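Every number here is computed from the coordinates shown, using simple stated rules; none is lab data. In this text the structure is predicted, and so the values were computed from the model without any measurement. As a convention, Cβ positions derive from the backbone with ideal geometry for all residues, glycine included, and neighbour counts pool all protein chains shown.
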Amino acid sequence: MKMTKEQKYRLLEEAAIEEIQQLESLVHQSRWRQGYHIQPHIGLLNDPNGFTFYNGKYHLFYQWFPLGTDHGMKYWYHLVSSDLAHWEDAGIGLEPGGTYDSHGAYSGSGIEKDGKLYLMYTGNTRDEQWIRHPYQCLAVTDGEGLAQKIEPPVIESVPTGYTEHFRDPKVWKDGTDYRCVIGAQRENLTGTAVLYRSPDLVNWTFEGELQTSLPSFGYMWECPDYFELDDAGILLFCPQGLAPENEKFRNIYQSGYLLGEPLASDGQYFSHGEFIELDYGFDFYAPQTTLGADGERILVGWMGVPDLEYPTDSHGWAHCLTLPRELSVHQGKLIQRPAAGLKSLRGKKVPFAAQLINQHRSFQGVEGTSYELEFSICPIAENSAIDETDTFEEGVFGIEFRTGDMERTVLFYDASNGLITLDRSQSGAACSTEFGTTRSYTRNPDQLGQSITFRIFVDTSSVEIFVGDGEATFTARLFPDSASTGISFFAIGGSADFEGAFWQLDSDGISRELPAEIRQRAKKTE
């Protein structure tokens with residue numbers, strides 16, 4: 001049941017302790033709680049925020065509405081990690097309710113300056129007529145406890161020519177100055193991003209609109225993130241309002257990137273290539289990056305999409321974050337690989353191998369609900385001595401996982417055309433079926449007939465699939481029965497060699513209990 005405005009825009013102190021306890025009880029009964037992914041203790045999680053490597057550790061915040069699974073008053077919840085796999089619960093990091101964030105501390109970013117961690121975010125406010133007034137705010141922390149807000153806002157108004165949809169600042173160091181990019185909507189209701197510059201994070205000057213070759217590309221650009229990697233300039237953003245194009249843009253909202261020449265320090269023109277989706281699955285949005293301990297670029301995304309209902313909504317919680325991914329550039333394309341530290345979650349290795357010819361095959365010890373699975377498929381040529389005249393059998397090869405009596409999720413590779421498809425039509429409880437139940441990605445023609453590798457991370461209610469050496473990813477929420485634990489490999493219409501390894505993954509790396517400090521904030525019944 002949807003909340004009223006009054007119910008949604010409350011602080012924790014305005015909620016009764018019984019409401020918190022009821023949500024906790026619902027969550028504890030949920031059969032779809034994740035094992036090793038970041039998820040909210042109660043309530044709704046969305047955008048990752050303030051992702052920063054600071055003082056020797058990774059600091060990651062996320063948007064959190066504690067009082068239900070509808071979007072309402074947003075806090076920033078704080079987690080800390082040394083390896084991007086095991087996360088320490090640091091509690092609420094930024095709370096709303098002030099003059100300039102009366103209706104939520106919306107998304108933003110973090111940056112280190114003078115030994116402190118500064119958080120730049122959008123303060124959401126509404127007037128009596130429910131008109132939005134966004135402010136770009138600044139807060140500072142030493143990495144512990146609540147961040148202290150710096151007032152007044154560092155950007156107090158929306159520039160001329162743009163609507164109140166003006167949010168999600170991402171800040172970076174540029175020489176001796178700082179720059180930030182902010183998602184915006186023009187008054188003609190098209191999406192874009194704008195640039196600001198500051199000498200000190202406090203005093204900001206409007207530089208103008210980021211000049212791209214996309215003058216009319218959706219009605220709003222959310223969560224922009226500009227960085228430079230491998231001699232390229234890269235802009236991540238989430239355009240809303242794109243129409244589907246065959247297999248492209250099939251989610252309600254999209255997330256992707258532009259890759260081009262590095263942005264000039266004194267300029268706004270961005271020379272770039274085509275917009276490419278970051279993920280080919282169902283549930284990926286609002287990614288944010290940071291520089292890692294060794295200068296690598298790390299990405300975390302929201303494993304969800306706005307304005308959709310999910311099966312856990314009635315369980316007192318919604319959504320999770322993706323696993324951290326390390327980025328690189330290869331042949332003009334972003335490559336995403338699982339962060340190296342995730343290997344520390346692995347249990348005992350279970351290797352397997354077989355040649356399959358028009359059959360399904362399972363392997364002993366290869367099953368479960370929370371695991372990592374890496375395997376290769378090598379289609380077999382018709383002739384035993386392979387040369388340039390050989391043709392490969394045009395088979396379909398793949399894997400069924402989280403299988404049960406009536407459930408299965410299927411990943412298949414059509415070797416004849418390089419098409420890779422994820423099918424969740426029989427994955428359990430339905431989720432956003434109005435947007436289809438399959439998602440696909442097609443490999444380059446020069447890769448046809450070659451072997452292919454998949455690295456798959458399955459958790460209680462999700463899957464993240466890495467294709468090849470990170471050339472593509474599929475992210476999806478799945479809601480199967482807890483008894484659906486099977487894994488089966490298959491070859492249809494051809495033959496292939498399968499070889500791989502399976503690991504159960506540690507589920508003890510993230511705190512599960514709601515901190516007492518949060519429970520104590522709720523008001524006691526008189």
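Can you pull a Stokes-Einstein diffusion coefficient for region 343-505 at 10 °C (1.306 mPa s), Rh from Kirkwood over Cα pairs, as a whole number of µm²/s? The estimated diffusion coefficient comes to 98 µm²/s. Taking all C-alpha pairs of region 64-107, those more than 16 Å from each other amount to 46 percent. Applying 1/(1 + (r/R0)^6) with R0 = 45 Å to the Cβ-Cβ distance of Q450 and E13 gives a FRET efficiency near 0.15. Applying both filters, DSSP loop and at most 14 other Cβ atoms within 10 Å, to the chymotrypsin sites (Phe, Trp or Tyr not before Pro) of region 117-153 gives W130.
Distance between the C-alpha centres of region 301-368 and region 12-34: 27 Å, rounded to the whole angstrom.
Rounding to the nearest 10 and keeping the result within 0 to 90°, find how far the Cα-based axis of helix 17-29 lies from the longest principal axis of the chain. Computed tilt is about 10 degrees. Between the amide H of Q359 and those of A491, distances stay under 5 Å, these residues lying 5 or more places away or on another chain, with hydrogens modeled in the peptide plane. By its C-alpha gyration tensor, with a ≥ b ≥ c as the square roots of the eigenvalues, how is region 417-470 shaped: rounded for a/c under 1.5, else prolate for a/b larger than b/c, else oblate? Oblate.
Here the chain is assigned +1 on the Cβ of each Lys and Arg and -1 on the Cβ of each Asp and Glu. Its dipole about the Cα centre then comes out at about 1020 debye. Amide hydrogen proximity for A15: with H placed 1.01 Å from N in the peptide plane, the residues at 5 or more positions away or on another chain lying under 5 Å are K523. Note on Q331 and E228: the model spin-label points, each 7 Å out from Cα along the C-beta direction, lie 2.6 nm apart.
Once divided by 2.2 N^0.38 Å, the Cα radius of gyration of region 185-318 becomes 1.15.
Farthest toward the positive end of the dipole of region 343-505, out of V410, V366, T438, is the Cα of V366, where the dipole comes from beta carbon charges about the Cα centre.
Normalised by residue count, the chain yields a Cα convex hull volume of 154 Å³ per residue.
Relative to a virtual label point 7 Å from the Cα of D177 in the Cα→beta-carbon direction, which members of region 196-217 show backbone nitrogen distances below 16 Å? Taking a point 7 Å out along Cα→Cβ of D177, the residues of region 196-217 whose backbone N falls under 16 Å are 196-211.
Compactness check for region 110-205: Cα Rg over 2.2 N^0.38 Å is 1.12. For region 1-138, with equal point scatterers placed on the C-alpha atoms only and solvent neglected, what are the log10 I(q)/I(0) values from the Debye formula at q = 0.11, 0.12, 0.18 1/Å, to two decimals? Those come out to -0.44, -0.52, -1.07, one per q.
Cross-link reach is defined here as a Cα-Cα straight distance under 24 Å, omitting same-chain residues fewer than 8 places apart; for K2 the lysines meeting it are K74, K523.
Given R₀ = 25 Å, FRET efficiency for A430-M3 by Cβ-Cβ distance, to 0.05? According to the calculation, E is roughly 0.60.
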